[in-house]
Amino acid sequence: MDYKYTGIILGKKDVSETDRIYTIYTLESGKIRFLAKSVRKSNAKLAGFLENFNLVEIFIAKSQGMGKITGSLVINNFSKMRKNLEAIENVFRSVEILNKLIKDENNDPKIFNLFKEYLETINSLNNYEENCKLEIIHLGFVFKILEELGYKIEVGCCMKCGEKIKEGNNFFNSELGGIICEKCYSNFRKGLRVNLNSIKILRIIFQNNLKSLVKLKTEKKDLDNLKIIKQDFLNWIV
């Protein structure tokens, strides 16, 4: 039986002498692996359509076991971002996290569209030397993926006492999934310091789409603070 999917290539693995297994995040079925026969031969045209991070239509023949790729059409290869090393490194980091968080064959159109928007946003940047833009898009993507998976960080009220978060010494606790105030931290003693600007950035991330984050003015110290929080939260989840 033949199937057609819309998907984004996450990665590939060489098998046997000329074959390759592709991991693809599809709109219809989530993350799936398919086999491409003889795709590593020098005259194989299919390989060019299946580069990492291409948005493709892909045609699959499937009866039992892993489906076989019979054809593919490129919808968008995001060619602009491929010319910049830092942009591609940013995408690899994001895809590595996505792969760890999502299970096979667990489709979620919202995650697919968020992933697609992330690639479109990276590809639309005019100046890749502005590293803060790449970083805020990466952070926005990760925190929004976590939100979609049920791990949204609470940034409005203290997770212990319920009081509204104010200026001062605030802390992020991965186990609680949000911010705790200084008073509660003094009793709880578990958490990472988070500054008020970082909390404001998190609020903006959750209230806006990724493309809007390009306009956001950020400072490196605030993004560094969020990177530490992101990694601590991911370690707790994974």
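Brief remarks follow.
- Placing +1 on each Lys and Arg Cβ and -1 on each Asp and Glu Cβ, with no other charges, gives the chain a dipole about its Cα centre of roughly 60 debye.
- For the chain, built as a Gaussian network whose Cα springs stay under 10 Å, the top-fluctuating residue of ASN106, ASN209, ASN126: ASN126
- Overall, the accessible surface of the chain at a probe of 1.4 angstrom is composed of carbon and sulfur to the extent of 47 percent.
- The range 52-143 shape via C-alpha gyration tensor axes, a/c threshold 1.5: prolate
- Using alpha carbons only, the radius of gyration of the range 104-180 set against its Kirkwood radius gives Rg/Rh = 1.08.
- Equivalent ellipsoid semi-axes, the chain, via Cα gyration tensor eigenvalues times 5, rooted, Å: 39, 19, 14
- Formal net charge of residues neighbouring LYS31 (Cβ-Cβ distance under 9 Å; K, R +1; D, E -1): 0
- Across the range 71-84, rounded Karplus estimates of 3J(HN,Hα) from the backbone phi angles (6.51 cos²θ - 1.76 cosθ + 1.60, θ = phi - 60°) give x, 7, 10, 7, 8, 7, 9, 6, 5, 5, 5, 5, 7, 10 Hz, Gly and Pro being marked x.
- Diffusion coefficient, µm² s⁻¹, Stokes-Einstein with Kirkwood Rh over alpha-carbon pairs of the range 144-238 at 20 °C and 1.002 mPa s: 157 µm²/s
- In summary, the range 1-104 shows an alpha-carbon radius of gyration equal to 1.05 times the 2.2 N^0.38 Å reference for compact globular proteins.
- Neighbour net charge for VAL56 - beta-carbon separation under 14 angstrom, K R +1, D E -1: +1
The values are calculated or read from the model by the stated rules, or taken from the named source; none is laboratory data. Just so we're clear, the structure is a prediction, and the values are computed from it rather than from any experiment. Note that each Cβ is placed from the backbone with ideal geometry, even for glycine, and that neighbours are counted across all protein chains shown. Just so you know, the surface numbers come from the protein's heavy atoms only, side chains and all, with ligands and any DNA or RNA stripped out. Shrake-Rupley method; radii C 1.70, N 1.55, O 1.52, S 1.80 Å.
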